[in-house]
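Report on the following structure.
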Amino acid sequence: MLYRENGQFKTTYRADQQIFPILQDRIAIALLLLFAFIAVPLIAPEYLFRAVLIPFLVLSLAALGLNILVGYCGQISLGTGAFMAVGAYAAYNFNVRIEGMPLIASLLLGGLCSTIVGVIFGIPSLRIKGLYLAVATLAAQFFVDWAFLRIQWFTNNSASGSVSVSGLQVFGMPIETPVQKYLFCLSFAAVFGLLAKNLVRGHIGREWMAMRDMDVAAAVIGIRPVYAKLTAFAVSSFIVGVAGGLWAFVHLGSWEPATFSIDRSFQLLFMVIIGGLGSIMGSFFGAAFIVLLPIVFDNLPYWFGVPIDTAMASHLTFMIFGALIVFFLIVEPHGLARLWSTAKEKLRLWPFPH
């Protein structure tokens with residue numbers, strides 16, 4: 001009875017088209033943000049920040065970027081790890097080669113470099129699609145892996161390709177403790193989540209969805225395929241590049257090209273499929289699921305006293321990932337986000353059967 005719209009009358013188009021038209025949703029989001037920004041830093045232990053919250057926020061941001069490309073525009077990509085690597089190494093070069101470069105500027109410029117690379121490898125999408133496009137983006141993964149391993153300029157002449165950063169600061173404030181890193185990543189996730197939500201609700205988002213549903217019909221009604229597809233690659237690569245910079249700078253501190261291997265690309269694709277294609281909320285659901293599941297399987301044997309070694313737990317995790325992807329593709333293609341939307345619709349009508 002609490003989740004009802006009785007008495008909530010919309011008298012303007014602005015009120016009717018806002019992101020959360022239902023009052024209860026606005027209150028819930030406000031409380032969630034207050035809890036995340038204020039309560040969590042006060043009560044959460046350090047392990048939770050390092051192992052769960054910071055990886056969840058950064059991977060949510062990367063999944064959000066991939067979801068714009070795959071879920072909203074329908075362009076399959078298997079090179080997300082490569083775009084994360086471009087964002088990370090570009091931000092690193094801006095940070096070490098330009099004296100006094102602010103951290104946020106380095107991350108955003110890294111995202112811009114990732115945008116350029118994403119658009120270059122997105123050009124084949126103008127002529128090919130489906131599995132052929134997936135292979136073209138897979139080429140980006142192999143090319144970027146090779147470049148960062150062989151061209152030492154990208155790694156500031158590091159022979160192994162391993163680089164590191166330290167002394168992170170934002171407006172003179174250090175980003176060193178897990179709480180500070182968490183708040184920094186949370187701010188990025190909240191801002192980019194809001195921007196992405198507004199993008200997909202605007203005319204550019206409708207163009208992406210038209211290309212996804214039927215590109216020929218979209219072109220007939222005046223939507224330019226070149227503009228729609230390349231802007232999807234650009235926006236997606238920018239967000240993924242910023243996420244790569246956060247993963248490298250904030251979460252890891254030191255990294256090598258293998259950090260952004262093809263496994264990372266598949267992991268992000270799993271997040272989007274399980275969380276929900278074409279859903280901003282689904283990106284966060286999928287990231288939470290993928291981040292938490294390995295931790296649960298690592299600790300499950302100890303909780304129930306079942307002797308399972310680490311390798312077996314890791315293999316079980318991959319098997320369950322595959323089974324869940326097949327399950328969601330067959331039973332609920334829109335993933336966890338659709339289940340959440342269905343639950344909300346039932347709450348709006350409860351206890352009435354219709």
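State yes or no: is residue 238 closer than 29 Å to residue 104 by Cβ, touching a residue at least 60 places away in the same chain (Cβ under 8 Å), in contact with a strand residue (DSSP E or B) (Cβ under 7 Å, 6 or more places away or on another chain) and of a type in the set (Phe, Trp, Tyr)?
Considered against the rule, which asks whether it is closer than 29 Å to residue 104 by Cβ, touching a residue at least 60 places away in the same chain (Cβ under 8 Å), in contact with a strand residue (DSSP E or B) (Cβ under 7 Å, 6 or more places away or on another chain) and of a type in the set (Phe, Trp, Tyr), residue 238 comes out as no.
Would you mind stating whether residue 291 is open to solvent by less than 50 Å² (accessible area, probe 1.4 Å) and hydrophobic (A, V, I, L, M, F, W, C)? If you could, list the steps in order and put the result at the bottom.
On the way: open to solvent by less than 50 Å² (accessible area, probe 1.4 Å): yes; hydrophobic (A, V, I, L, M, F, W, C): yes.
Against the criterion (open to solvent by less than 50 Å² (accessible area, probe 1.4 Å) and hydrophobic (A, V, I, L, M, F, W, C)), residue 291 qualifies.
So for the stretch 144-166 (the condition being among the hydroxyl-bearing types (Ser, Thr, Tyr), in contact (Cβ under 8 Å) with a residue 12 or more places away in the chain and part of a helix (DSSP H, G or I)), does at least one residue qualify?
Looking for residues that are among the hydroxyl-bearing types (Ser, Thr, Tyr), in contact (Cβ under 8 Å) with a residue 12 or more places away in the chain and part of a helix (DSSP H, G or I), one finds at least one in the stretch 144-166, hence yes.
For the stretch 305-314, enumerate the residues that are modelled with pLDDT under 75 and loosely packed, with under 10 Cβ neighbours inside 10 Å.
Within the stretch 305-314, 305, 306, 307, 309 meet the criteria.
Tell me which residues, restricted to the stretch 208-257, are among the basic types (Lys, Arg) and part of a loop (DSSP other than H, G, I, E, B).
First, the residues of the stretch 208-257 that are among the basic types (Lys, Arg): 212, 224, 229.
Matches in the stretch 208-257: 224 only.
Residue by residue through the stretch 19-65, note down the ones that are at pLDDT 90 or above, small (Gly, Ala, Ser) and closer than 23 Å to residue 274 by Cα.
Passing the criteria: 60, 62, 63, 65.
Restrict the check to the stretch 219-240 and report whether at least one residue is closer than 24 Å to residue 50 by Cα and surrounded by 15 or more Cβ atoms within 10 Å (Cβ to Cβ). Step through it out loud before you land on a result.
The initial filter retains those residues of the stretch 219-240 that are closer than 24 Å to residue 50 by Cα, namely 239-240.
Subset that is surrounded by 15 or more Cβ atoms within 10 Å (Cβ to Cβ): 239-240.
Yes, the stretch 219-240 contains at least one residue that is closer than 24 Å to residue 50 by Cα and surrounded by 15 or more Cβ atoms within 10 Å (Cβ to Cβ).
If you take the residues in the stretch 126-182 that are closer than 23 Å to residue 106 by Cβ, in contact with a Leu (Cβ under 7 Å, 6 or more places away or on another chain) and among the β-branched types (Val, Ile, Thr), which one is surrounded by the fewest Cβ atoms within 10 Å (Cβ to Cβ)?
Result: 170.
Has the stretch 244-257 got any residue that is surrounded by fewer than 18 Cβ atoms within 10 Å (Cβ to Cβ), over 23 Å from residue 179 (Cα atoms) and touching a helix residue (DSSP H, G or I) at 6+ places or on another chain (Cβ under 7 Å)?
no
I need the full set of residues from the stretch 17-51 which are within 24 Å of residue 292 (Cβ to Cβ), of a type in the set (A, V, I, L, M) and touching a helix residue (DSSP H, G or I) at 6+ places or on another chain (Cβ under 8 Å), in order please.
Those that are within 24 Å of residue 292 (Cβ to Cβ), of a type in the set (A, V, I, L, M) and touching a helix residue (DSSP H, G or I) at 6+ places or on another chain (Cβ under 8 Å): 33, 36, 40, 44, 51.
Which of the residues belonging to the stretch 208-218 are surrounded by 11 or more Cβ atoms within 10 Å (Cβ to Cβ) and over 13 Å from residue 75 (Cα atoms)?
Matches in the stretch 208-218: 217, 218.
Among the numbered criteria (1) under 29 Å from residue 144 (Cβ atoms); (2) among the hydrophobic types (A, V, I, L, M, F, W, C); (3) surrounded by 15 or more Cβ atoms within 10 Å (Cβ to Cβ), which single criterion is violated by residue 195?
(3)
In the stretch 326-347, what residues are within 30 Å of residue 6 (Cβ to Cβ) and open to solvent by 60 Å² or more (accessible area, probe 1.4 Å)?
Answer for the stretch 326-347, where residues must be within 30 Å of residue 6 (Cβ to Cβ) and open to solvent by 60 Å² or more (accessible area, probe 1.4 Å): 334, 338, 339, 340, 345, 346, 347.
Is there a residue in the stretch 196-207 that is at pLDDT below 90, under 23 Å from the mean Cα position of the chain (by Cα) and under 20 Å from residue 125 (Cα atoms)?
No.
Every residue in the stretch 323-341 that is under 23 Å from residue 74 (Cβ atoms), assigned to a helix (DSSP H, G or I) and either modelled with pLDDT of 80 or more or among the β-branched types (Val, Ile, Thr) (or both), please.
Within the stretch 323-341, 325, 326, 327, 330, 335, 336, 337, 338, 339, 340, 341 meet the criteria.
The values are calculated or read from the model by the stated rules, or taken from the named source; none is laboratory data. The shown structure was predicted, so the numbers you read here are calculated from the model rather than taken from an experiment. Positions of Cβ are generated from backbone atoms using ideal geometry, with glycine treated the same way; all protein chains shown enter the neighbour counts. Protein only, heavy atoms only, side chains kept; ligands, DNA and RNA dropped before computing areas. Shrake-Rupley method; radii C 1.70, N 1.55, O 1.52, S 1.80 Å.
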